Structures are given as C-alpha cells and as structure tokens.
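Beneath this line is the structure, given in structure tokens, with notes to follow.
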Amino acid sequence: QVVEMATDFGASTWFWFPEPRDVRIRMVMRYARQDGVGGTETKTVAEVLAGPKQDYFYPVWPRKAGEAVPECSLAAAGVLKIKTAEATDYAIVSDAAVSFEKDDVTFSGKAGSVRIFADRVALCLLSGSGRVGYKGMVFEGHGPFEKVVALKDLKAGVTKIEGGYEKKIVTADIGQGVQVRGEGPFSVARAVHVAQ
C-alpha cells in the first residue's frame, strides 16, 4: 500500500494506496546533467496498475529524510482520512455524489475536504452541489466554496451559500454524430475551416 520514491539528496515522495497495488518500474533514464553542475541524473518512471474502470485515489506526500509520514486510512468509499502534525484531513473525490457522516464530519457532494487544525476547521466543497460541515455547523450550496471557522466559533445549524449554480453532467449534440459530454451548463458550436 506504500510506495516511496527516494532521491540521492535525502528527500523523497511518499504514496499511500487504500488497497494494495501492483507497482512496476516502467523505465529508468540516465543522462548527463546540462545545468552546469555536471554528473548524471537518473529518472525513474513507475506504473501503479489497476484494472479497467478501477480508478483509485491516493495521497502524495513529499518529505525530507526522517520526517514522519502521514497516518492514512480509508474512512469510506471515496473518502481518505489523513493525519499529519499539521491537521487531520478528510479528502473526498468521487465521480458520483458521496454522503459521509463520521467523526463529527458531514459531507455530501463529489469532491471536497475538511481540514481540522488545532484552532480552526477549513470546510471545502470543490465540485458539484452539496454540503460540508463539522460538529453540526454545515454549509450548503453549489461549489466551489470554502469556509474557515475557528473551533471556538462552531455553532450547530445550516448556512446556505448564495451564488453559483447547480452543475450537472450533460450531453450536447453538435451534429453529424458528434456529441460533447461534460459538466454543464455549457454551449457547443462546430466550426468549419476551409483551407485556402
């Protein structure tokens, strides 16, 4: 479930996967440095494999040598819980709407986060329409929006966020069997270019 890409300089990049994954080295490239420092540099490209329609979501943590790694867990489908010295984060990403209520966190929507610091909480709805809250204080509306609240100021209740619009997946037909699909509303047009 963990992959760490180390460097010769003590820094590394740490990856955590909610489920064990097959990882393989795709290629290793070595070449002479062109930055005046001299020597060679090595780049490694790794593949983390999944089957068809098996998307996955994972945290990436750049770190110095000896720095602690995050404590990660899968809180629910599409919801990662990540604890660091800075905060406890709930990161949510899904193609379909997710409803999550656990550990005083409330979320419904497609993408967002709840970052719980020692003195405040950051509540983010990043995609779609929905709600996000902590300890009973909930913000509801159309994303994207972010609200940061001091823990001492948390009050139970729902606050509607004004503005924005409901985003829906729509398909637009532009003729001759060509369709465009995406998060709407949007308009499409076909341009015809004539070579001269």
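The values are calculated or read from the model by the stated rules, or taken from the named source; none is laboratory data. Nothing here was measured: the structure is a model prediction, and the numbers come from that model. Don't worry about glycine lacking a Cβ; one is built from the backbone with ideal geometry, like all the others, and counts go over all protein chains shown. Ligands, DNA and RNA are stripped out before the accessible areas are found, and what is left, the full protein with its side chains, is counted by its heavy atoms. Shrake-Rupley method; radii C 1.70, N 1.55, O 1.52, S 1.80 Å.
Pairing residues of region 45-71 that are within 21 Å of A11 (Cα to Cα) with residues that are loosely packed, with under 11 Cβ neighbours inside 10 Å, at Cβ distances under 6 Å and at least 6 apart in sequence or on separate chains, gives V45/R26; V45/M27; A46/I25; E47/R24; E47/R26. Examine region 157-177 for a residue that is exposed (fewer than 10 other Cβ atoms within 10 Å of the Cβ), at pLDDT 90 or above, among the aliphatic types (A, V, I, L, M) and not in a helix (DSSP H, G or I), and state whether such a residue exists. Checked against the condition, which is being exposed (fewer than 10 other Cβ atoms within 10 Å of the Cβ), at pLDDT 90 or above, among the aliphatic types (A, V, I, L, M) and not in a helix (DSSP H, G or I), region 157-177 yields no hits at all.
Determine if region 114-121 includes at least one residue that is of a type outside the set (K, R), open to solvent by 10 Å² or more (accessible area, probe 1.4 Å) and in contact with a helix residue (DSSP H, G or I) (Cβ under 7 Å, 6 or more places away or on another chain). Yes: one or more hits. Residues that are surrounded by 10 or more Cβ atoms within 10 Å (Cβ to Cβ), at pLDDT 80 or above and assigned to a strand (DSSP E or B) within region 178-196 comprise V178, Q179, V180, G182, listed in sequence order. Checking the structure you have, find out if any residue of region 3-12 is in contact with a Ser or Thr (Cβ under 8 Å, 6 or more places away or on another chain), exposed (fewer than 10 other Cβ atoms within 10 Å of the Cβ) and aromatic (F, W, Y). There is no residue in region 3-12 that is in contact with a Ser or Thr (Cβ under 8 Å, 6 or more places away or on another chain), exposed (fewer than 10 other Cβ atoms within 10 Å of the Cβ) and aromatic (F, W, Y). Condition test on I116, is it closer than 14 Å to G143 by Cα and modelled with pLDDT of 95 or more? Here the answer is no, as I116 does not meet what is asked.
For region 58-76, the candidate set comprises residues that are within 18 Å of D22 (Cα to Cα) and surrounded by 14 or more Cβ atoms within 10 Å (Cβ to Cβ); within that set, the residue that is modelled with the highest pLDDT is P59.
Across region 19-57, the qualifying residues are those that are assigned to a loop (DSSP other than H, G, I, E, B) and of a type in the set (G, A, S), and the one among them that is most open to solvent (accessible area, probe 1.4 Å) is G36.
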